[in-house]
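J.: Encoded as structure tokens, here's the structure I'll be asking about.
Here, each number is a calculation from the coordinates, and none is a lab measurement. Since the structure is predicted, the reported quantities are computational estimates derived from the model, not experimental observations. Positions of Cβ are generated from backbone atoms using ideal geometry, with glycine treated the same way; all protein chains shown enter the neighbour counts.
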Amino acid sequence: MPPVSTLVHTDCRHFSGYKPCRFGRPCDGCPHYDPVSAEILLVNLDAMGDVLRTTALVPAIRRAWPGARLSWLTRPRAAALLQGHPGVDRVLALGPEAVWELEARHFDLVLCADKSRAAGGIVARIAAGERRGFGIDAHGAIVPLNPQAAELYALGLDDAAKFYGNTKAETQLLCEALGLPWQRDPYRLVLDAAERAPGPPRQVGFNTGCSPLYPLKKLDLDLLAQAIRLLVPVLDEPVLLLGGPEDTARNQALAAELGDQVECSPTELGLGRGAAEVDRCDVVFTGDSLGMHLAIALGKHVVAWFGPTCPAEIDLYERGIKLLSHVDCAPCWKQSCDRSPLCTTRVWPEEIAQAVQDALAARRAGVALEEVRGSWTEHR
């Protein structure tokens, strides 16, 4: 039996300590030794769409620290969005096991993308040479951890500035808050080949709903039906209805009304399959939701409708059109509203159909497209 080498490189990005690395050879004299120059942790526990959007920061992190090992802590439900991303070395799903590991490690830099007490508390417990982004103080209040985070922090405390003054996308705000040079990097989703949808490509998909947390992000079903009726004769094929479990009933209602003018994608088969269904489409019509972020991350053309949320915070990367409700009270970020009419009814079917056709034409021609239509400022 040959002697076991006692030389190991625990600082090599390929080394784990519990089995041979992918090169299957001893560390001693290994030509693949790749020492990690810095250990960086990114904490991002927010909504899945926010986690997906935060992948836009990965290229900036890599440019600033080219030899670093990047670990990403997120909630279990969002971990699948990061698996396979070439710029992320380790994905840690929040739970006791991840916390135990983090408490034993030391990081050169911890980046906290979330303005939340939970994320701030975790960041405070991790040994780090430097912390950037957001944390909490001794009173449990959320605070910026570095001077560059002050702008994004202040926007969260001033609705007038956030709703009407800010012109920066959230990707730029967050990149600058973490002290990284902003170059408008896109965000990215890597699909698992085993989960790719078996259905045929579709020109247009309608993502019909959103998280139950903000029901006013769901456009009126009758408006959606009218827009689809206008589009199908032009497309000469069904519109693909997209969404997750919370959208099943809405999609079934549309299918019952529209028949073979629509095709229902499966909504109960998990996040990976849902993303693969989005990938079948050239253009996706959607509200400000995870479905929108999936479409952006997959390089689709997007027609995005905005009611209660802030259109300036979303970057469509010259591949989309923003439709704004014809109301004088948006954005508001409210979860409920007693005004009449609601912003969910104040986008015209003709606007939706025309915007989708314009996005399709731009995609086929390979030309830049990013417009804002129906701005609520015209009605103030």
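J.: Calculate the spin-label point distance for Asp220 paired with Asp282, positioning each point 7 Å from the Cα along the beta-carbon direction, and give it in nanometres.
T.: So the two model labels end up 3.0 nm from each other.
J.: Please go through the residue pairs Lys115/Lys300; Lys115/Lys322; Lys115/Lys218; Lys300/Lys322 and name each one whose alpha carbons sit more than 22 Å apart in this structure.
T.: Lys115/Lys300; Lys115/Lys322; Lys115/Lys218
J.: According to a simple spin-label model (label point 7 Å from Cα along Cα-to-Cβ), what is the distance in nm between Thr10 and Arg75?
T.: So the label points at Arg75 and Thr10 sit 3.4 nm apart.
J.: For Cα pairs less than 8 Å apart in space and 6+ apart in sequence, what is the mean separation divided by the residue count of the chain, i.e. the relative contact order in percent?
T.: 13
J.: Still on this model: Once phi is turned into θ = phi - 60°, what whole-Hz ³J(HN,Hα) does the Karplus curve with 6.51, -1.76 and 1.60 give for every residue of the stretch 69-85, x standing for Gly and Pro?
T.: Karplus values, whole Hz, x for Gly and Pro: 9, 9, 9, 10, 9, 8, 6, x, 5, 9, 4, 4, 5, 9, 4, x, 5.
J.: Could you quote the convex hull projected area for the stretch 38-177, Cα atoms only and averaged over all directions, in nm²?
T.: It is 8.4 nm².
J.: Same structure, new question: Quick check: pseudo-label points 7 Å beyond the Cα along Cα→Cβ at Asp137 and Ala193, how many nm apart are they?
T.: Those two pseudo-labels are separated by 5.3 nm.
J.: Let me ask you something else. Kindly provide the helix-only [θ] at 222 nm of the chain, computed as the sum of -39,500 (n - 2.57) over DSSP H runs of four or more divided by all residues, to the nearest 500 deg cm²/dmol?
T.: Calculated mean residue ellipticity at 222 nm is -8000 deg cm²/dmol.
J.: In whole Hz, what ³J(HN,Hα) sequence does the stretch 104-109 give by Karplus (6.51, -1.76, 1.60; θ = phi - 60°), x for Gly and Pro?
T.: Those phi angles translate into 8, 9, 10, 10, 5, 8 Hz.
J.: Using θ = phi - 60° and the Karplus form 6.51 cos²θ - 1.76 cosθ + 1.60, what ³J(HN,Hα) does each residue of the stretch 297-306 get, whole Hz, x for Gly and Pro?
T.: Working through the residues one at a time gives 5, 8, x, 7, 7, 10, 10, 10, 9, 10 Hz.
J.: Still on this structure, please answer the following. Only one of the values [x] 1.08; [y] 1.15; [z] 1.01 was calculated from this structure for Cα Rg over 2.2 N^0.38 Å; name its label.
T.: Among [x] 1.08; [y] 1.15; [z] 1.01, the one derived from this structure is [x].
J.: Can you list residues from other chains, or at least 5 along the same chain, whose modelled amide H is less than 5 Å from the amide H of Ile136?
T.: Val143
J.: Quick one: Cα centre-to-centre distance for the stretch 288-306 and the stretch 17-44, in angstrom?
T.: A separation of 36 Å, based on Cα centres.
J.: Please find the FRET efficiency linking Glu370 to Ala154, where r is the Cβ-Cβ separation and R0 is fixed at 25 Å, and quote it to the nearest 0.05.
T.: Computed FRET efficiency for Glu370 and Ala154: 0.40.
J.: A further question follows. Residues in the stretch 263-285 near a label at Val234, defined as backbone nitrogen under 17 Å from the 7 Å Cα→Cβ point?
T.: Only 282-285 pass the distance filter.
J.: Moving to a separate point now. Whose amide H sits under 5 Å from the amide H of Glu370, counting only residues 5 or more places off or on another chain, with H placed in the peptide plane?
T.: Long-range HN contacts for Glu370: Gly320.
J.: Please work out the FRET efficiency for the pair Ser116 and Arg25, using the Cβ-Cβ distance as r and a Förster radius of 35 Å; give the result to the nearest 0.05.
T.: 0.20
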